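Inspection log for the structure reproduced underneath, given as structure tokens.
The values are calculated or read from the model by the stated rules, or taken from the named source; none is laboratory data. Computed from a predicted structure; not experimentally measured. When we count neighbours, we look across all protein chains shown, and the Cβ atoms used for this are built from the backbone with ideal geometry, even at glycine.
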Amino acid sequence: MSIELGQGTGPLRGVKVVEIAGIGPGPHACMILADLGADVIRIERPGGQALAGGKTMLLNRGRPSVALDLKQPEAVATVLELVRGADVVIEGMRPGVTERLGLGPADCLAVNPRVVYGRMTGWGQDGPLAQSAGHDMNYIAITGALFGMGQDPARPHFPSNLVGDFGGGSTYLVIGILAALLEARISGEGQVVDAAIVDGTAHLNAMTAAFLASGGYQEERGANLLDGGVPFYDVYETADGKHVSVGALEPQFFDTLVTLLGVKETCPGQADLEQYDEMRRVLNEAFLGRSQAEWVELFEGTDACVAGIVPISEAFEHPHLKARETFVERHGMTQPAPAPRFSRTRASLGLPPPAAGEHTAEALAAWGIADVAGLLERGVAVQAEPE
């Protein structure tokens with residue numbers, strides 16, 4: 001396979017990124033950058049690592065994989081040579097690990113003073129927990145986000161790792177990198193972006209902090225405007241055991257909801273807080289009267305703010321998402337298309353998820369590394385066969 005730079009079509013075309021491979025939010029951030037046109041080169045350990053690879057790991061799409069043995073000084077020197085011509089470095093190891101490898105911020109900024117060095121961790125680079133292990137639910141637990149999740153008063157219900165790893169983590173890493181890139185083009189100086197999942201999650205939860213400060217938030221589940229505390233913003237079961245989401249917050253949307261549901265004459269008024277239990281009973285009984293598909297046919301496209309709750313396999317086929325091509329078929333898989341969208345520099349998908357080290361020789365050569373054959377012969381670099 002021939003790897004060429006500058007093949008991306010999005011607004012980041014020409015931006016060069018060195019990714020020191022990790023798992024979860026770091027690769028997700030690099031997927032976003034690659035989707036948006038950046039040239040990303042992924043540096044992995046020979047053989048890859050658990051939970052990080054495979055031909056279906058979409059987080060690794062869009063960029064070549066190079067296997068280097070970073071225990072060898074020559075491999076570290078190779079990465080620094082890549083950094084010399086890069087705009088961004090991204091790593092997701094525990095604080096201090098890249099420094100011990102010789103690939104920390106000081107090392108990279110010494111060879112390229114303009115480089116933006118993005119660091120992705122759960123706890124951040126400092127603080128009492130910085131050196132501790134953790135996962136998504138731990139990070140969102142201490143920020144106050146997990147406490148309010150779910151409608152069960154007895155215990156919180158955690159989501160998948162969307163809120164912490166990808167919402168508070170990779171998304172904020174990308175925001176930080178883009179901001180630092182803009183600043184570097186003005187100042188001529190790079191800097192370190194410390195993206196901690198705890199920081200990003202706390203920032204995501206700003207509206208809850210505002211509600212608390214105003215006195216309009218109860219610190220209990222299922223008791224507030226947006227957590228199921230009101231019957232017109234909740235989930236209801238349908239006749240076939242499926243569910244619909246109801247988000248009729250505004251008065252005009254609530255009026256459309258009860259009118260189409262056929263309960264306008266029997267349902268208590270939206271502002272009648274004392275009758276919310278009765279309203280919930282009326283809505284629950286009504287939604288149990290038809291299947292999800294029947295309610296979707298009635299409600300979708302109206303201002304009632306009702307939508308069927310479907311698994312991802314059914315989301316692939318939703319008419320609205322199909323019309324927008326939110327999901328696309330590429331490389332034998334249905335997968336999310338790049339987001340967001342641009343009117344002039346439209347993003348596109350590049351390479352499929354690779355095996356660890358699948359592009360070692362081609363990618364190193366494309367990035368201008370000399371004596372690639374020698375690196376392979378000496379075991380500094382490893383070329384893997386495609387899976």
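Points worth noting:
- If the condition is being small (Gly, Ala, Ser) and either more than 25 Å from Gly168 (Cβ to Cβ) or buried (at least 24 other Cβ atoms within 10 Å of the Cβ) (or both), then segment 108-127 contributes Ala110, Gly118, Gly122.
- Residue that is surrounded by the fewest Cβ atoms within 10 Å (Cβ to Cβ) [pool: residues in segment 66-107 that are in contact with a Gly (Cβ under 6 Å, 6 or more places away or on another chain) and not β-branched (Val, Ile, Thr)]: Ala67
- Qualifying residue in segment 31-40 (condition: more than 25 Å from Gly188 (Cβ to Cβ), touching a Phe, Trp or Tyr at 6+ places or on another chain (Cβ under 8 Å), at pLDDT 95 or above and of a type outside the set (Asp, Glu)): no
- Restricting attention to segment 156-204, the residues being at pLDDT 95 or above and either of a type in the set (S, T, N, Q) or touching a Ser or Thr at 6+ places or on another chain (Cβ under 6 Å) (or both) number 10.
- Residue within segment 23-46 that is surrounded by fewer than 19 Cβ atoms within 10 Å (Cβ to Cβ), under 22 Å from Ala195 (Cα atoms) and in contact (Cβ under 8 Å) with a residue 60 or more places away in the chain present: yes
- Of all residues in segment 184-218 being touching a residue at least 60 places away in the same chain (Cβ under 8 Å) and assigned to a loop (DSSP other than H, G, I, E, B), the one that is surrounded by the most Cβ atoms within 10 Å (Cβ to Cβ): Gly190
- Of the residues Gly301, Gly262, the single one that is more than 37 Å from the chain's Cα centre (by Cα) and loosely packed, with under 14 Cβ neighbours inside 10 Å is Gly262.
- Within segment 47-56, the set of residues being crowded, with 18+ Cβ neighbours inside 10 Å and in contact with a helix residue (DSSP H, G or I) (Cβ under 9 Å, 6 or more places away or on another chain) comprises Ala52, Gly53.
- Of the residues making up segment 244-255, at least one is surrounded by 13 or more Cβ atoms within 10 Å (Cβ to Cβ), more than 16 Å from Gly148 (Cα to Cα), modelled with pLDDT of 95 or more and touching a helix residue (DSSP H, G or I) at 6+ places or on another chain (Cβ under 6 Å).
- Contacts under 9 angstrom Cβ, first residue in segment 96-115 being modelled with pLDDT of 95 or more, partner basic (Lys, Arg) and in a loop (DSSP other than H, G, I, E, B), 6 or more apart: Leu101/Lys71
- Residue satisfying all of: in segment 334-367; surrounded by fewer than 16 Cβ atoms within 10 Å (Cβ to Cβ) and of a type in the set (Val, Ile, Thr); farthest from Val76 (Cα to Cα) among these: Thr334
- Applying the condition of being of a type in the set (A, V, I, L, M) and touching a strand residue (DSSP E or B) at 6+ places or on another chain (Cβ under 9 Å) to segment 370-387 and asking which residue is surrounded by the most Cβ atoms within 10 Å (Cβ to Cβ) yields Ala381.
- Checking every residue in segment 67-86 against the condition of being more than 14 Å from the chain's Cα centre (by Cα) and under 11 Å from Ala356 (Cα atoms) gives at least one match.
- Within segment 142-157, none of the residues are aromatic (Phe, Trp, Tyr), out of contact with any Cys (no Cβ under 9 Å at 6 or more places or on another chain) and closer than 21 Å to Glu91 by Cα.
- Tally, over segment 151-166, of residues that are more than 11 Å from the chain's Cα centre (by Cα) and loosely packed, with under 13 Cβ neighbours inside 10 Å: 6
- With respect to the conditions (1) part of a loop (DSSP other than H, G, I, E, B); (2) closer than 16 Å to Val372 by Cα, Lys55 falls short on a single one, namely (2).
- Candidates Glu81, Glu74: the one that is part of a helix (DSSP H, G or I), of a type outside the set (Val, Ile, Thr), over 20 Å from Val40 (Cβ atoms) and touching a residue at least 60 places away in the same chain (Cβ under 8 Å) is Glu74.
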